[in-house]
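Report on the following structure.
The values are calculated or read from the model by the stated rules, or taken from the named source; none is laboratory data. Quantities reported herein were computed from a predicted structural model and do not represent experimental measurements. Cβ placement follows ideal geometry from the backbone for every residue including glycine, while neighbour counts extend to all protein chains displayed.
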Amino acid sequence: MFRRYRSKRMSEQSSDFDTDIMHLINLTPMMDILTVLVVFLLITAVFISITIEELSVPTASGQNAVSMPNFAIEVIVRRAGLEISNGSVISDRIPKKDDRYDIGALEKTLLRIKSQYPEKLDASVLMEPDVKYDHLIEVMDAVRSADVPAEGNGEARKIELFPKISIGDAP
C-alpha cells in the first residue's frame, strides 16, 4: 500500500514539476528577438562593403632576376616623411607638409621613375612600425596609379604606375 501511494505521489510530483518548468521557459520572447535580429542583420549587410587589396609577394626565382632590370623601387614610409630608393641608395626624400604626407610629390616622383623604366611593374612599400594603416593605404594608392591632368579639357585621367605592390617593414 505504501508503495502504491509513494509511486502515485511521485508521479504527481513529477508531472507538476514538468508543467512548472514549461511555464518558466517561455521561448516566444527569445524567438521574437532572434527574428528582429535576423532582419536587422540582413538589412545592414547590404551597406557593408569589404575592400581587398591585392599584393604580390616577392619571389627569389632566377627567371625574374634575369628578365627584369636590376632596379627595385622602394617607397619607405617614415614618421618624418617618405623616402624613395632603388633598393640600396635613397634617391628622393619627401618630407611631410603640415603633418601630412605629400602624396602629390610622391606621384610626380613615381611618374618620373615610370618614364625612365616603363616596363617596370612592381614596387615595394616599406613602413616603420608606428605609422598608421591609413597612411599605408594612401601611399599604396599613389604607387599603384597617379592622376595626370589632360592637356585639352583639364580633366584628370588615371595612369597605371606600379600595380604589383609588395609591403614590408622599413629598414
Exercise. Answer yes or no as to whether ALA142 is assigned by TED's automatic domain parsing to the domain that holds GLY81, in contact with a helix residue (DSSP H, G or I) (Cβ under 6 Å, 6 or more places away or on another chain), among the small types (Gly, Ala, Ser) and in a helix (DSSP H, G or I).
Key: yes
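Somewhere in segment 113-131, is a residue in a helix (DSSP H, G or I), of a type in the set (A, V, I, L, M) and more than 17 Å from LYS96 (Cα to Cα)? Let's see the steps before the verdict.
Pass one, segment 113-131, residues in a helix (DSSP H, G or I): 113-116.
Keeping just the survivors that are of a type in the set (A, V, I, L, M) gives 113.
Going one step further and asking which of them are more than 17 Å from LYS96 (Cα to Cα), we end up with 113.
Looking through segment 113-131, at least one residue is in a helix (DSSP H, G or I), of a type in the set (A, V, I, L, M) and more than 17 Å from LYS96 (Cα to Cα).
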Quiz item: When you scan segment 145-171, how many residues do you find that are more than 10 Å from VAL125 (Cβ to Cβ) and in contact with a strand residue (DSSP E or B) (Cβ under 8 Å, 6 or more places away or on another chain)?
Solution: 17
Quiz item: In this structure, is ASP147 acidic (Asp, Glu), modelled with pLDDT of 85 or more and closer than 21 Å to LYS108 by Cα?
Solution: no
Exercise. Among what's in segment 92-107 and is out of contact with any strand residue (DSSP E or B) (no Cβ under 8 Å at 6 or more places or on another chain) and free of Cβ contacts under 8 Å to residues at least 24 places away in the same chain, pick the residue that is farthest from GLY81 (Cα to Cα).
Key: GLY104
